[in-house]
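Take a look at the structure below.
Values quoted throughout were computed directly from the atomic coordinates according to the rules given, and no laboratory measurement underlies them. Here the structure is a predicted model, which means the values were calculated and not measured. Ideal geometry is used to build each Cβ from the backbone, glycine not excepted, and the neighbour counts take in all protein chains shown.
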Amino acid sequence: MPMEPILEVKDLTVRFGNMPALEKVNFTIEKQEIIAVIGPNGSGKTTLLKAILGLIPYEGEIKIFGKNIQQVLPLLGYVPQHFAFEKSFPLTVEEFVNLTCRKPDKLPFGGALRAAGMAELKDKLIGELSGGQLQRVLIAHAMLHQPKILFLDEATSGIDIEGLADFYSTIQRLNREHGVTVMMVSHEISMVYKFTDRIICLNRDLISHGETKTALSKEVLKKLYGDSADLKMHDHLDQHHD
């Protein structure tokens with residue numbers, strides 16, 4: 001176990017004008033795990049990632065490997081929620097990654113694609129990829145720099161149901177085989193329950209934090225989603241609990 005926590009968040013508060021987006025959030029990540037951040041729309045999930053990455057002002061303290069974000073930026077990878085590009089542009093997967101990566105001395109391109117389960121598609125045109133394939137290419141791109149932590153902001157948006165399991169299996173493999181800590185914003189409760197180790201439940205403040213199987217209870221879902229919690233429960237709890 002590392003000498004210091006991988007990620008430590010103390011009294012994190014973010015305001016947009018007079019409106020609090022996050023209020024007094026505290027948690028610590030100490031192991032190389034897959035961590036899901038869940039909550040209803042407007043609960044502060046993306047705001048949390050942006051604060052951790054130093055992209056927005058915040059109050060409180062955030063330490064990554066015991067240091068400030070500026071000192072550890074090369075150790076972080078990030079896959080955004082949306083990636084806009086011209087689909088008709090004749091660019092292969094390999095050309096795209098080489099064109100956008102400025103440090104070819106890092107993890108070999110083929111190794112990054114293999115890690116993301118995309119090695120066989122290196123010659124395919126970017127515009128011909130499915131949503132899930134494109135997201136895995138973006139993960140391969142992030143992996144070129146061999147990050148210690150990979151942040152994913154609703155990276156499964158636009159992926160069909162068949163591609164979801166493949167995507168989460170890829171994340172699990174990166175964590176288990178490459179030792180990458182993964183923090184992902186997600187809304188797929190059943191996939192989160194199956195594939196993640198730890199969960200952070202937000203609704204502007206911290207509702208619950210801990211091991212997924214214990215922290216993701218019916219009571220917590222009710223606090224997060226209110227009247228629509230029954231749909232979330234039907235999605236997974238009845239499948240997994242006696």
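Whole Å is fine, so just give me how far the alpha carbon centre of segment 151-207 lies from that of segment 1-68.
17
Tally Lys/Arg at +1 and Asp/Glu at -1 over every other residue whose Cβ is under 13 Å from the Cβ of residue 197; what's the total? Each step should come with its number before you reach the end.
Numbers: positive: 31, 176, 194, 198, 213; negative: 30, 33, 211.
The answer is +2.
Under a 5 Å amide H to amide H cut-off, with H placed in plane at 1.01 Å, what residues pair with residue 184 once short-range neighbours are removed?
Hits under the 5 Å cutoff: 35, 36, 37, 152.
Which FRET efficiency value, to the nearest 0.05, do you get for residue 160 and residue 4 by plugging their Cβ-Cβ distance into 1/(1 + (r/R0)^6) with R0 = 45 Å?
Details: r = 40 Å, r/R0 = 0.90.
Taking R0 as 45 Å, the efficiency between residue 160 and residue 4 is 0.65.
Can you tally the net charge around residue 176? Count Lys and Arg as +1, Asp and Glu as -1, for every other residue whose Cβ sits under 11 Å from the Cβ of residue 176. Don't skip to the end; give the middle numbers.
Values: positive: 173; negative: 33, 177, 197.
Combined, the nearby Lys, Arg, Asp and Glu give -2.
For the chain, report the convex hull volume of the alpha-carbon atoms normalised per residue, in Å³, without decimals.
Working: hull volume 33.7 nm³, N = 242.
Cα convex hull per residue, to the nearest whole number: 139 Å³.
Relative contact order, percent, of segment 7-240 when contacts are C-alpha pairs under 8 Å separated by at least 6 residues? Spell out each step's value before the answer.
Values: 416 pairs, mean separation 60.8, N = 234.
With pairs under 8 Å counted, the relative contact order is 26 percent.
Rounded, prolate or oblate, given the Cα gyration tensor of segment 109-199, with a/c below 1.5 counting as rounded?
Values: a/c = 1.93, a/b = 1.19, b/c = 1.61.
Verdict is oblate for segment 109-199.
Could you please report the charge total around residue 31, scoring K, R as +1 and D, E as -1 over all other residues with beta-carbon less than 9 angstrom from its beta-carbon?
On the way: positive: 198; negative: 30, 33, 197.
Result for the local shell: -2.
So who's got an amide H within less than 5 Å of the one on residue 78, skipping anything under 5 residues away but keeping other chains? H placed 1.01 Å off N, in plane.
For residue 78, the qualifying residues are 151.
Give a residue-ordered list of calculated ³J(HN,Hα) values for segment 54-67 (Karplus: 6.51 cos²θ - 1.76 cosθ + 1.60, θ = phi - 60°; whole Hz; x for Gly, Pro).
Those phi angles translate into x, 8, 9, x, 8, 9, x, 9, 10, 10, 10, 6, x, 10 Hz.
For residue 194, go through the lysines and keep the ones whose alpha-carbon is under 19 Å away, minus same-chain ones fewer than eight residues off.
Straight-distance partners of residue 194: 31, 213, 218, 232.
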